[in-house]
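Data block below; observations after.
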Amino acid sequence: MLKSITTTLICFTQLAFAFTWPENTAENVNLNQQHIDAAIEQIEAGEVGNIRSLIIVKDGQLITEKYFGNLGEKRPVYSVTKSVGSALLGIAKYKGANINTSDSIMSYFPQYNNISNYQQAQNITLHDLLTQRHGYNWDEWSTSFSNLTNPVNKMLRSGDWYKFTLQWPINQAPDQNFTYSTGHSSLMSPVLKHITNRDVYEFANTELFQPLGITDTHWELIDGGGSQGQGITQFPFGLEPLGFGLWLKPIDMAKFGELYRLSGVWQGSRLLDESWVDLSTQPYSNGMTDPDVFPDEFSGYGYQWWTVRLFDELGRGFDMYYADGYGRQYIFVLPDFNAVIVTTADDFFYDGPGIGTVLSSNLLLAFEFDDNLSIPITTDLNGSWYWPENSGQGINIEILNNGTQLWGYWYTYSPVNGSQRWFTLQGTIDGNQAEFDIISTSNGGFVVSEPPELTLWGTGTVFFESCLNGTFNFTSEVEASSGTIPLTRLTASTGSCLPNNKLITNKPYNLK
């Protein structure tokens with residue numbers, strides 16, 4: 001009888017957490033299916049590495065679920081595990097666990113108070129650990145993961161991974177530089193055990209996987225850098241490592257991304273606090289703090305999540321944060337578009353174009369912008385722009401002084417006699433729009449016998465919907481006229497048009 005009741009309860013629990021994505025078409029959620037189809041063709045053609053899956057969720061609905069050479073089985077997600085680990089700490093905090101990111105990491109490891117560098121380690125906080133700004137002299141990027149000298153492999157061969165990692169040499173004070181370390185991310189496991197007194201896998205299953213309807217998972221580590229797990233399923237102290245090793249289905253990866261997109265709420269129930277999601281997805285390291293690692297201020301690292309701004313081929317910028325695993329396993333969250341994109345790959349020893357190229361050339365083009373949105377005005381927009389329906393109308397612009405000023409000229413016609421005339425444009429830039437004075441010169445020409453007289457003719461603004469299209473507005477009290485001129489890029493084929501999609505280039509699994 002007891003066995004029957006237990007079986008019934010297990011079945012009821014599984015049914016209670018069952019989840020099936022509602023499906024919809026791309027058109028119904030303002031996505032362009034043609035660009036999605038083009039992305040799939042690009043992947044199938046083998047132009048972008050060995051991508052194995054593509055999942056697109058928009059507005060909480062499944063738009064695309066496509067697999068390439070597989071059926072969507074669970075697979076190792078490698079360092080995506082780190083983002084899951086950060087979430088588990090956030091869940092524990094939300095449920096009342098005694099966790100403070102300002103505390104020293106050693107407060108969570110009283111058993112290691114005799115390590116050789118204990119005094120230095122005491123200065124490192126949990127926040128420093130989560131942001132990878134801990135100060136340890138750890139370098140797992142310079143050598144292959146198949147190389148036994150890689151510190152990750154050294155850790156795996158030690159009897160106590162956590163003592164090994166904590167007493168690794170510290171070469172600088174915390175919060176000075178970004179230093180990526182799978183070993184120190186794995187310290188999240190004993191921290192979680194310490195604050196919850198629960199096993200890592202049990203806690204993950206009960207508090208995260210089951211609520212999300214994720215039922216097929218396990219932990220299995222690579223051994224010596226192989227492309228798949230090779231049977232390492234026993235871990236020190238029985239703690240599954242939260243730095244790597246988790247296996248998930250691509251469709252289940254999307255559920256985890258959606259949880260973060262919804263700021264910690266799933267199916268009406270809160271699993272972790274919104275503030276933890278915000279802390280996790282803001283960059284503490286970026287191109288300003290660590291220019292040797294990150295190419296710009298938008299590329300960075302939060303609490304075990306990466307941040308980036310990617311541009312499509314129209315020059316539109318998309319801010320996103322993402323979980324990133326070795327071999328190109330990704331969960332992209334695009335908050336501004338209520339979207340999650342998941343892609344997995346078997347690109348462990350490949351460094352060519354991949355999902356970053358698919359995003360910029362096709363997938364991001366599928367998203368429709370609000371007509372009122374525009375792109376930042378930068379030197380990428382320098383050059384000539386014309387009115388397609390009136391080739392005698394256009395502007396030429398130059399962005400100066402670190403993107404703060406605009407100079408240029410406007411060629412147009414006189415409304416009186418139809419003769420060609422020229423105006424000079426001089427003004428300032430504020431983000432996505434430039435405002436400027438429109439100045440006329442005597443005789444309306446560039447070459448005159450006397451120095452030209454400069455007269456304020458009117459004012460104007462210009463903004464750009466993409467790096468190929470813009471809008472020029474003008475107003476003149478002198479001639480009591482105003483108008484709007486649509487602009488098309490004239491020098492796109494020869495000038496600088498697209499921003500450089502620079503990404504983290506010294507990562508072994510960078511986004512290309």
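The values are calculated or read from the model by the stated rules, or taken from the named source; none is laboratory data. Remember, predicted model here, so these are calculated numbers, not experimental data. Note that we place each Cβ from the backbone using ideal geometry, even for glycine, and neighbour counts take in every protein chain shown. Remember, those area values only see protein heavy atoms, side chains included, never the ligands or the DNA or RNA. Shrake-Rupley method; radii C 1.70, N 1.55, O 1.52, S 1.80 Å.
Counting only residues at least eight positions apart within a chain, or on another chain, the aspartates and glutamates with an alpha carbon under 13 Å from that of LYS66 are ASP37, GLU41, GLU44.
Multiply the residue separation of SER269 and ALA45 by 0.36 nm, subtract the distance between their alpha-carbon atoms, and state the gained length in nm to one decimal.
Values: separation 224, 0.36 × 224 = 80.64 nm, distance 4.18 nm.
Here the answer is 76.5 nm.
In the complete set of protein chains, residue-level accessible area for LEU259 is approximately 0 Å², probe 1.4 angstrom. On the stretch 187-339, 45 percent of the accessible area sits on carbon and sulfur atoms, based on a 1.4 Å probe.
In the frame of its principal axes, the stretch 150-303 has Cα extents of 45, 39, 32 Å, reported largest first. For the chain, the equivalent ellipsoid built from the Cα gyration tensor has semi-axes of 52, 26, 20 Å, listed from largest to smallest. Dipole check for the stretch 190-314: with +1 at the C-beta of Lys and Arg, -1 at the C-beta of Asp and Glu, and the Cα centre as origin, the magnitude is about 360 Debye. Take every pair of alpha-carbon atoms less than 8 Å apart whose residues are at least six positions apart; their mean separation over the length of the chain yields a relative contact order of 15 percent. Apply the Karplus curve 6.51 cos²θ - 1.76 cosθ + 1.60, θ = phi - 60°, to the phi angles in the stretch 18-29 and return the couplings in whole Hz, x for Gly and Pro. Computed from phi, the couplings for the stretch 18-29 are 5, 9, 10, 4, x, 9, 8, 8, 4, 4, 6, 10 Hz.
Farthest toward the positive end of the dipole of the chain, out of TYR260, VAL416, ALA38, is the Cα of TYR260, where the dipole comes from beta carbon charges about the Cα centre.
In whole percent, what relative contact order does the stretch 164-321 give with Cα contacts below 8 Å and a gap of six or more residues? Intermediate results must be reported in sequence, preceding the final value.
Numbers: 186 pairs, mean separation 25.0, N = 158.
Computed over the stretch 164-321, the figure is 16 percent.
Solvent exposure of the chain, expressed per residue, is 43 Å² of accessible area, with all protein chains present and a 1.4 angstrom probe.
For the stretch 310-431, what does the equivalent ellipsoid look like in terms of its semi-axes, each the square root of 5 times an eigenvalue of the Cα gyration tensor, given largest first in whole Å?
On the way: eigenvalues 336, 46, 39 Å².
Value: 41, 15, 14 Å, ordered largest first.
Would the stretch 72-144 count as rounded, prolate or oblate if I go by the C-alpha gyration tensor, calling it rounded below 1.5 in a/c and otherwise prolate when a/b exceeds b/c, oblate otherwise? Before the final figure, lay out each step's value.
Working: a/c = 2.35, a/b = 1.22, b/c = 1.93.
Oblate is the answer for the stretch 72-144, as a/c is 1.5 or above yet b/c matches or exceeds a/b.
Over every pair of different alpha-carbon atoms in the stretch 64-215, take the mean of 1/r and invert it; report that Kirkwood radius in Å. Walk me through the intermediate numbers first.
Details: mean 1/r = 0.0594 Å⁻¹.
About 16.8 Å for the stretch 64-215.
Per-residue Karplus couplings for the stretch 342-350, computed as 6.51 cos²θ - 1.76 cosθ + 1.60 with θ equal to phi - 60°, are listed in order as 10, 9, 10, 7, 10, 10, 7, 10, 10 Hz, Gly and Pro entered as x.
First select every other residue whose beta carbon is under 11 angstrom from the beta carbon of ILE115; then total the charges, Lys and Arg +1, Asp and Glu -1.
0
Rounded to whole numbers, the Karplus 3J(HN,Hα) couplings from phi for the stretch 122-133 are 4, 7, 8, 8, 4, 4, 4, 5, 5, 8, 6, 10 Hz, using 6.51 cos²θ - 1.76 cosθ + 1.60 with θ = phi - 60°, and x at Gly and Pro.
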